[in-house]
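Here the structure comes first, spelled out in structure tokens, and everything after it is commentary.
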Amino acid sequence: MTDNDDPTMRESDPIIHPRRELFEHGLLPIPKLIFSDGNQTLTSIKDKFLHLSASSSTHRVDSIAISETLQISLDHARLLLDTLASVLHCDSDPLVTADSSEVDSVGADVYHLLLFLYIQSYKRLLPRTHKDSAAIADVWPSTSAFDGYLSVLSPLQLARSNSRRFMPSQADEEAHQLCYIQKHLANILSLLANSVDGEGEESQVLTKENFEYIGFLIYFGDKSSDRIPLSQAVPFFANSDPDMPAAPVPATQIHEWLLQNIEYTTERISEKVSPKENGLTHDQDLAMVDMSAKSANITTNAKGPCVVEGISKSSYVRRASDIKGSYVKVANCQDSVIYILAPLRYATIYGCSDTTIVLGAVGKALRVEHCERVHVIVAAKRVCIGNCRECIFFMGVNQRPLMVGDNHKLQVAPFNTFYSRLEEHMDEVGVKATVNKWDDHVALGPVDPHDSLSHPVGISDVQAESASHLEPDQFTNFLIPNGLDGETSGSTEVNPFALPTAYMSSQQRNCDNLAEIKHMLKETQLEESRKRELLSALHVYFKDWLYGKYYRVLHYTKQRSLALFYLVLKSVSFLQQRLETLDNFIA
């Protein structure tokens, strides 16, 4: 908007966007952080924080001050700081750049912390109904092995019950987040404003410095440009003299101007969707129109996440050169192997089943929710798992993994793969191979108050289920085929994360058994026809193992090369049980 009195904007002008990573990765299901009377309670908390930080010119509070003021444990205060650091919009903030041992003492900026606490009242948008439910009815598994004796619905049944609900489109989520900001904008501005002499609407003003904190929630930009600093996008501070402090502006003027921009943005979003495609969806906090984009397997948006959706019974690869931006969502995929071999800031996995998903390096946060029988392999700084069942997570993770919501039969294990550019990608996004807290997770209860999906009555009384450790003799290396990460070769030749002793010993036994098998096959003299029969038998056994271990994903075996097969064998131990059969066959 070029003039405060003229709400019209050109189609090419940058528009306002919510910082979706804040709403997707910044919510903690800790009851004491969710305030029903948000502004009143947070105003009191603001006064306490400012008093505690009065001796510091930077207005920062440490974990002890946070713990005492919010009446939460020190562990939860540290979790709050780690989560806040993962969603801050300014990478130069001391909390973002601090080492793990310094986070408690560095603390959080008071105003960042207040906005972070305010958005804890946000509830995610309900999943939308798929336009063609009948067409997908034969794709998704209708039951889980646990449905016979568990009293609660499985995550996928819950998410897809009554017309098989699907993840909202990017337009849905952005509009929902903007509606939330629009509804609460007056309260948010009052937390950032200073009181001055005056009456009524003129008694609160915002300085340029405090206005910049709104960048924690929203930004200006378009598909072809970078994010624009808020003070440069608004007419109030853009032309101020750099040698003179910008004069404070009444909060009511800023409130009105932002509301006009939000309304214009929501209108532009709704214009892109045919009214026939709109459906009504409800949330406990607000209601809005469902603005669903046309369904597609792959959606790439320069200002939003790259979405991989609806992959079924396939292998799918995306490399660093294929990803625009640094945010990926993998949604509603089943019976597949998906490789996202790229450096990322954020990643989300939603509503997948019977799938192996390999992510490169995630420098901020990964969220996995409403998944069944999924294997996730990731090197990340932070991992959050919610409402999942029968999944295994092979992690190289720098912070304690977070388990939220109603999880069942989860297993965790050390990171178990590599590709040639992995360490390069880890360095790029700041994931450290020297720290791996895969076995030190935090569970925060069976109900996630931010999840709009309903939960069965009485589930709040159920104790959160912890994840178990994968047995070392079931742990195997996952092989990523050579060259899959792109034409440019890197320097990574082994798993960069050190394995615990028990898992390393198991791997050594597997390697010894493999060497014995290879020696046996090399010493066996066979005619050409018998060699072909042997190779065929090996493929049969490999498919049999893969069917049981990786859920019918058989695409590796399409290449009939014995050399490639030996490479695949590096990650399996099933031939130990087949030696007698092979001996008889070869004889």
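Subtracting the Cα-Cα distance of residue 268 and residue 516 from their residue separation scaled by 0.36 nm leaves 82.7 nm. Residues of region 101-116 falling in the label zone of residue 55, defined by backbone nitrogen less than 18 Å from a point 7 Å along Cα to beta-carbon, are 104-110. Packing, as the average of other Cβ atoms within 10 Å across residues, places the peptides 498-509, 330-341 in the order 330-341, 498-509, highest first.
Cut-off 14 Å, label point 7 angstrom out along Cα-to-Cβ of residue 427: give me the residues of region 357-372 whose amide nitrogen falls inside. Counting backbone N atoms under 14 Å from the label point, the list is empty.
Between residue 39 and residue 484, the C-beta separation translates, for a Förster distance of 35 Å, into a calculated FRET efficiency of about 0.10. A Förster radius of 35 Å combined with the Cβ-Cβ distance from residue 260 to residue 322 puts the calculated FRET efficiency at roughly 0.40.
Measuring between alpha carbons in the structure, the pairs from 48/437; 183/208; 48/432 lying more than 29 angstrom apart are 48/437; 48/432.
Taking 0.36 nm per intervening residue step and subtracting the Cα-Cα distance, what contour gain separates residue 439 from residue 529 on full extension?
Working: separation 90, 0.36 × 90 = 32.40 nm, distance 4.91 nm.
Difference between extended and current length: 27.5 nm.
Taking each residue as 0.36 nm, the span from residue 539 to residue 508 lengthens on full extension beyond its C-alpha to C-alpha distance by 8.8 nm.
Sort 96-106, 68-78, 252-262, 365-375 by the packing proxy (mean of other Cβ within 10 Å over each peptide's residues), most packed first. Intermediate values should be presented prior to the final figure.
Values: 96-106: 14.0, 68-78: 16.0, 252-262: 18.0, 365-375: 25.1.
Result, highest mean Cβ count within 10 Å first: 365-375, 252-262, 68-78, 96-106.
Taking 56 Å as R0, compute the FRET efficiency from the Cβ-Cβ separation of residue 474 and residue 203 and round it to 0.05. That pair, residue 474 with residue 203, gives E of 0.30.
Report D for region 405-456 in µm² per second (integer): Stokes-Einstein, Kirkwood Rh on Cα pairs, 4 °C, 1.567 mPa s. The partial results should precede the final answer.
Numbers: Rh = 14.5 Å.
For these conditions, the coefficient is 90 µm²/s.
Since every read-out is calculated from the coordinates, none of them should be taken as a lab result. No experiment lies behind these values; they were computed from the predicted model shown. Cβ atoms come from the backbone with ideal geometry, glycine included; neighbour counts cover every protein chain shown.
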